[in-house]
Every structure is written in C-alpha cells, then in structure tokens.
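Novice: So that we are looking at the same thing, I have put the structure below in structure tokens.
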Amino acid sequence: MIKPATCDSAERPLVLFRSPDLLNSTTLLLSDDGSTLFVGARDAVFSLDVSRSDVISLKSKVAWRPSQSEITECQNKGKDTEVDCPNFVSVLSQVNSSHLYVCGSFAFNPHDAFIVRESLKLTFTSASVTLVVENNHV
C-alpha cells in the first residue's frame, strides 16, 4: 500500500509563493512536464517555476486588466470598482504546445485571449459572452 504524501511532508515540503500583485488566484494549470504552474488571478496571468520541491519562483507575468473606460462602464452597471470590476481570470487551458487559452470576467464584459506559454505574451483577445460567467470571482 502506498502512503500518500501530506502537506509539508519530507517528500514534498509545503512551499509558498507570495507576490503583492497576486490576488484572487483560483485558476491553476500545471504544464504537462510538471515544471510550470500557470496561475489565473485578478488582472493577470502568472507563470511559476515549480520544478524544484523546495522553492517556487516567478518565471513571467502578463497584466490583463480592463481599460478605464471598461471600468467606468462596469461602475455604470451599479458594480463596485474594487470588488466587481477587475478581470478575474477563470479559465486557463492548454491549446497546444505553444499557446494557452484564457477567459476572464473583464469588468462584467467577459473576454478571452490566447497567450504564448513561454513569454506570457497576449497574442489575441476578444469579447466572449458565452464562455465566462459574469459574476465569477472570489
């Protein structure tokens, strides 16, 4: 019988990654080789190096936030600027070996995009009303 490893066990110590701009990170995608963790967060997507069991480090980050006019439009819908109007990334999916597909709430005007995996560069973004639930944030 195989005994499961627990958090902070000798086999896999509990390691934390903190960044002041990493908020509301509820969407995670582990690369096929297990060395990179993609994190969908508030107004950004992060790429973390998790190849070592004792340290997690930032590889790259792309900011993906609504414009001021989109935030104003969100406010005009009666939404709170800080709570409701950021872009909460809720979908991260690997499209192929080079790109990720992401969706976010985008100030109550859902958007989707394709991101280059290695650089986290946005290559295409558009409004997406069918793929993301508008009130999907933590």
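Derivation of every value follows stated rules applied to the coordinates shown; laboratory data play no part. Keep in mind that what you see is a predicted model, and the values were worked out from it rather than measured.
Novice: Residue by residue, what Karplus-based ³J(HN,Hα) values in Hz, rounded to whole numbers, does region 40-55 have, using 6.51, -1.76 and 1.60 with θ = phi - 60° and x for Gly and Pro?
Specialist: x, 9, 6, 6, 6, 10, 10, 10, 10, 7, 10, 6, 9, 7, 10, 8
Novice: Normalised by the residues of region 27-127, what does the relative contact order come to in percent, with Cα pairs under 8 Å and at least six apart? Let's see the in-between values first.
Specialist: Numbers: 221 pairs, mean separation 20.9, N = 101.
After rounding, I find 21 percent.
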